[in-house]
Amino acid sequence: MTYEVDMNAMKAYIIEKFTAEGDFEFLKEGLLDEMVTEMMSIDQAYMAKLAEDDEYDDDAVYDMLFAAMQKKYPDYKMFAMRLAEDYLDFAEEYLVSVDAIEWD
């Protein structure tokens, strides 16, 4: 089953969750937004490659996010794990909140 998701609303939700958490306040203005955009892009590229009946593999996505964040933001390598984990949690929370996830 395919769901339409408002990607702008999802991004706003994820950024709000990161902001409320307060753990990334040290990032320069606009960088968190840029990082979330990058992670969403990686996530969307992964999902675009899935066949309709394939299952989303959050471990595979995590590995992709982690590697990409370390490579693109070398000054923040030590935070890549946390960024990737939190992104996946916040994205899932958003998708659940708009009934866009079907649990088996």
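Out of (i) 25, 14, 10; (ii) 44, 19, 14; (iii) 23, 16, 11, which label holds the value of semi-axes √(5λ) of the Cα gyration tensor in Å that was computed here?
Among (i) 25, 14, 10; (ii) 44, 19, 14; (iii) 23, 16, 11, the one calculated here is (iii).
Tell me the angle of helix 31-49 to the major Cα principal axis of the chain, expressed in degrees between 0 and 90 and rounded to the nearest ten.
That works out to roughly 30 degrees.
Using a 1.4 angstrom probe and counting only protein chains, how large is the accessible area of Leu50 in Å², to 10?
Accessible surface of Leu50 is approximately 50 Å².
Whole angstrom only: what separates the Cα centroid of segment 25-67 from the Cα centroid of segment 78-104?
The distance from the Cα centre of segment 25-67 to that of segment 78-104 comes to 10 Å.
When the helices in the chain are scored as -39500 (n - 2.57) per DSSP H run of 4 or longer and the sum is shared across all residues, what 222 nm value do you end up with, to the nearest 500 deg cm²/dmol? Don't jump to the answer; show the numbers that get you there.
Values: 4 runs with 67 residues, N = 104.
Here the helix-only value at 222 nm equals -21500 deg cm²/dmol.
Specify the angular offset, from 0 to 90 degrees and rounded to the nearest 10, of the alpha carbon long axis of helix 80-97 from the longest principal axis of the alpha carbons in the chain.
Taking Cα atoms only, the helix is inclined about 40 degrees.
Relative to the longest principal axis of the C-alpha atoms of the chain, give the angle of the C-alpha long axis of helix 58-72, reported between 0 and 90° and rounded to the nearest 10°.
Tilt relative to the chain: about 30 degrees.
Using a 1.4 angstrom probe, figure out how much accessible area the chain has per residue, in square angstrom, rounded to the nearest whole.
66 Å²
Please name whichever of Phe24, Val96, Met40 sits farthest to the positive end of the charge dipole of the chain, dipole taken about the Cα centre and charges placed at Cβ: Lys and Arg +1, Asp and Glu -1.
Toward the positive end, the furthest listed residue is Phe24.
For the chain, give the percent of accessible area contributed by carbon and sulfur heavy atoms, probe 1.4 Å, rounded to a whole number. Intermediate values should be presented prior to the final figure.
On the way: 3420 of 6820 Å².
Ligands and nucleic acids excluded, carbon and sulfur give 50 percent.
Under a point-charge model restricted to the Cβ atoms of Lys and Arg (+1) and Asp and Glu (-1), what is the dipole moment magnitude of the chain relative to its Cα centre, in debye to the nearest 20? It would help to have the intermediate numbers written out before the result.
On the way: 8 positive and 28 negative charges, 146 e Å.
For this selection, approximately 700 debye.
The values are calculated or read from the model by the stated rules, or taken from the named source; none is laboratory data. Please read all numbers here as calculations on a predicted model, not as lab measurements. Every residue, glycine among them, receives a Cβ derived from its backbone with ideal geometry; neighbour counts consider all protein chains shown. Areas reflect the complete protein model, heavy atoms only, side chains present, ligands, DNA and RNA absent. Shrake-Rupley method; radii C 1.70, N 1.55, O 1.52, S 1.80 Å.
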